[in-house]
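So that we are looking at the same thing, I have put the structure below in C-alpha cells.
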Amino acid sequence: MLHNRIFQFLLIYTLGLLLLLAVKYIFGLSDYVIPGFWLLWRTAGDVSVRYAVDGVNTLSVAIIGQMASILLAFFIGIVGRQATWLGTIVKVAAYNVQAYPIVAIAPIIFILLGDGFLSRLFIAAMICYFPLLLSVVGIMSEPVTDIEHFYQQTGRMRWQLEVKIRAFENLSKLTTVIAGSSTLALAGTIVAEFIAANAGIGYNIRIALYQSDLAKILVALFMIGITLSIYQGLLEILGHSVRKAWTS
Amino acid sequence: MWKSTALVSFLVLLLAPKSAMAADEVTYRLKWLINMSTVGDVLAQSQGFFKSEQLAVTLKPGGPERDAIRELELGYAHFGVASADQVIKAVAKGAPVVVIAQLFQINPLQWIYFEDNFTLNGASDLIGKRIGITFGKNDEYIMKALLNQSGIALDQVRLFSVRLDYTPFFHRQVDLWPVYANTQGIEIGNSLEKAGERIGFLHPVRFGVNFVANSVVTSMKRLADDPELVRRFSSALLKGWRAACDPGFRDKAIAAVQRYDRDTDRDTLKVQLQETQRLVSPQGLKHIGDIDIAAWRQTEQIMLTYGQINRPVGIEKYLIVP
C-alpha cells in the first residue's frame, strides 16, 4: 500500500512537471515564468532539507488536528445518531456549519489566537472535521437491522453495543474516510500557514510567492505530496490491521 | 439622393486615418489594488489621456498573487507595474522585460513607531529594538541593508515576522512596523493620533538605502515591434501622474481614486495624495517617471548581497531612459 501511494504520487508529479517543462520549451518561456530543469535541480539542492523539515512540521500539526477532529466527530456522531431532539439539532447544525468556508473565518482565528501553533491546529482540525462528521453521523444513524434486531429483542442492546455494531459493519467506509481526511487536515494546515502563520511548508510557499520563485514552490509541492503519500499509506496499513484484528 | 450620401459616407470611412477609427486595445496590470498609490494610473484613464493617444486601456488591479512580468511574457498584458526587486529577479532568470518609467522616486515603504517608545536620532537607536519585517518581501532586504550599512549586526536587533494584523504593534510587542507611508501609514497614523499617540516614521532613504519601488514595465518584444505604442502609452501615463501631482487636479484625483477605494474617507485620501506627491515628484513635475539609475544599481547590489540573485545582471541595460 505504502509503495503504491508513493509510486502514484511520483508518477503524477513527474507527469505534471513534464507538462510544465513542455509548455516552457514549446513557448520559449523564461525561467521566471516556468523554471527550467537545472534551476529546479539547483533549487531542490538548496532548499529540500529545510523544506523536508518544514513538511514534517506541517504534517505533525495536521496529524494532531486530524486526531482531534476524529475524536470530536465520533463524539458528536454518536450523540447525533439518536432520533431524539438533541440528535436532530446536532445533525442540522453539522450540515449547516460545514457550509461555512474556513478560509473566510481564518483571519478572525488568527487575530484571536495569534499566528502560532494553536491557529494552525484549529484551522487544520476544522477543515477535516466537518466532512468526517458528516460521514460519521451518516454511518452511526443508519441501523444495521439484521444484527441490531436480535439484541433489541433479547433486551441486551446498549448504546456502546449499537455503536460497535455500526462501526464494525462500516469499518471499510470509516477507514477510507479517515485516510481521506488526512488530505484535508494537511490542506487545512497549509492554508493556515499560507494565510498567516510563521512556520511550516505553507509559510515557505508564501515566501516563495513573495519572491516570485516558482522553483521553490514546485519543490515545496513535492515535499507536501511525498509526505502526504507516506502518511496516507501508513493510515491505510493501520486501517487494514484494525480490520484484520476485528474480523479475526 | 440617399445613394450619393451613402457613397460619400463610405468614402469618408475608407479614407479616414486608421487612428481615428479604432484605438489600440491595451491591458495594463497594476501591482496592487487601486488606491492612492495608483492615482496617476486612474487619472490617465479618467481624464482621457490614454484616449487622446488613441489607446483603449483596460486597468487591471494587482494583488499578492498577480505578477505583471509573468503576464507580459505570457501575453496577458501589454504593460504592467512591478517592484524593482521583481524586475531584477525576472531579468536574472532571463525574462525579456524592460523598465520604461519609475513611478516612485522615493520608496513609500517605511517603518512606523511610537515616538514615546524611543527617539530615533540615528541608526544606533535601533539596537535592541523589535523590528517587524515581512520575510521574503523587499522590506526584509531594505531593513537588513539599512542595518548593515549602519554597522549594526542582525543579532543586535530582534526581527519579528509581520503578517496580517497590526495587533503586535498596537500592543507594543514590536517597536517598528513596516507600512506604505502614503496609504497604510496615513490610515494607521490618523487612528493613533486620534487616540492621542505620537508617531514617527523611519525613512530608509535617510539612512542611505534607496531601494527602488514601483516601475512601469513592458516586454522587450513590444518595445522592439511597436516603439510608437510604448511611447504613446508612456506619454499618456506620465501625463496622468503629472496631473496627480498638480494641485489643480486635486479634487479630480481624489474622486478618481474614491471610485475604486470606497472605504477610505475623503480627508484621509487628501492626506494620502499629498504624501504620494512627495514620493512621486520630490524634484518637481518635470522629473516624474525619471529612472534613477544609481538607485537601481544599489537595489541590484542589495539583492546580490542577500542572495536574491546569484550573479550581477547589469540592470541598467534594461532601463529605457529617454
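What nm distance separates the two modelled labels at A:S241 and B:Q301, each placed 7 Å from Cα along Cα→Cβ?
For the pair A:S241/B:Q301, the computed spacing is 6.1 nm.
Something else about it: Per 5 Å bin, what percent of the C-alpha pairs of segment B:99-166 does each bin hold, from zero upward?
Using 5 Å bins, I get a P(r) of 3, 13, 24, 25, 18, 9, 4, 3, 0 for segment B:99-166.
Then there is this: Taking only the Cα atoms of segment B:74-125, how large is their convex hull per residue, in Å³?
With only Cα atoms used, segment B:74-125 gives 144 Å³ per residue.
Report the far tail of the P(r) of chain A, meaning the percent of Cα-Cα pairs longer than 35 Å.
Working: 8525 of 30628 pairs.
More than 35 Å apart: 28 percent of the Cα pairs in chain A.
Another question about this same structure. Name the trypsin sites (Lys or Arg not before Pro) in segment A:103-170 that are in a loop by DSSP and that have at most 10 other C-beta atoms within 10 Å, would you?
A:R156, A:R158
For the protein assembly as shown, give the percent of accessible area contributed by carbon and sulfur heavy atoms, probe 1.4 Å, rounded to a whole number. Let's see the in-between values first.
Numbers: 16970 of 27580 Å².
Ligands and nucleic acids excluded, carbon and sulfur give 62 percent.
Give a quick list of chymotrypsin sites (Phe, Trp or Tyr not before Pro) in segment B:64-128 that DSSP marks as loop, anything other than H, G, I, E or B, with at most 15 other Cβ atoms within 10 Å.
B:Y76, B:F118
Ok, one more. With N denoting the number of residues in segment B:13-123, provide Rg(C-alpha) divided by 2.2 N^0.38 Å, to two decimal places.
For segment B:13-123, the normalised Cα radius of gyration comes out at 1.43.
For segment A:111-248, max minus min Cα coordinate along each principal axis, in Å, sorted largest first?
Its Cα atoms span 69, 34, 18 Å along the three principal axes.
Identify all lysines with a Cα-Cα distance to A:K91 below 23 Å; exclude those on the same chain that are fewer than 8 residues away in sequence.
A:K164, A:K173
What percent of all Cα-Cα pairs in segment A:23-168 falls in each 10 Å bin, counting up from 0?
It works out to 10, 24, 22, 19, 13, 8, 3, 1, in whole percents.
Okay, next question. Sort the following peptides by mean Cβ neighbour count (other Cβ atoms within 10 Å, averaged over residues), highest first: B:206-215, B:220-229.
B:206-215, B:220-229
OK, next. Output wanted: per-residue J couplings in Hz (rounded whole) for segment A:10-22, from phi through Karplus 6.51 cos²θ - 1.76 cosθ + 1.60, θ = phi - 60°, x for Gly and Pro.
Using θ = phi - 60°, the values come out as 4, 4, 5, 4, 4, 4, x, 5, 4, 4, 4, 5, 4 Hz.
Please enumerate, by chain and number, the lysines with C-alpha under 20 Å from the C-alpha of B:K194, excluding those fewer than 8 residues away in the same chain.
List returned: B:K270.
OK, next. Just from its helices, what would the mean residue ellipticity at 222 nm be for chain A, if runs of 4 or more DSSP H residues each count -39500 (n - 2.57) and the sum is divided by every residue, rounded to the nearest 500 deg cm²/dmol? Provide the component values of the computation, followed by the final result.
On the way: 10 runs with 209 residues, N = 248.
For chain A, the value works out to -29000 deg cm²/dmol.
Can you compute the equivalent ellipsoid semi-axes for segment B:127-221, i.e. the square root of 5 times each eigenvalue of the Cα gyration tensor, sorted largest first and rounded to whole Å?
With the √(5λ) rule applied to segment B:127-221, the semi-axes are 24, 20, 13 Å.
Let me ask another. Accessible area per residue, 1.4 Å probe, Å², for the protein assembly as shown: what's the number?
Accessible surface, normalised per residue, equals 48 Å².
What is the gain in length, in nm to one decimal, between A:I230 and A:I26 on full extension, counting 0.36 nm per residue of separation less the C-alpha to C-alpha distance?
The A:I230-A:I26 span can extend by a further 70.0 nm.
Using only the Cα atoms of the protein assembly as shown, what semi-axes does the equivalent ellipsoid have when each is the square root of 5 times a gyration tensor eigenvalue? Give whole Å, largest first. Could the numbers behind the result be given before it?
Values: eigenvalues 542, 192, 136 Å².
Calculated on Cα positions only, the semi-axes equal 52, 31, 26 Å.
What relative contact order, as a whole-number percentage, does chain B give when Cα pairs under 8 Å and 6 or more residues apart are counted?
29 percent
The values are calculated or read from the model by the stated rules, or taken from the named source; none is laboratory data. Just so it is clear, the model here is predicted, and its values are computed rather than measured. Because the Cβ atoms are built from the backbone with ideal geometry, glycine has one as well, and the counts that use them run over all protein chains shown. These area figures cover heavy atoms from the full protein model, side chains too; ligands, DNA and RNA do not enter into them. Shrake-Rupley method; radii C 1.70, N 1.55, O 1.52, S 1.80 Å.
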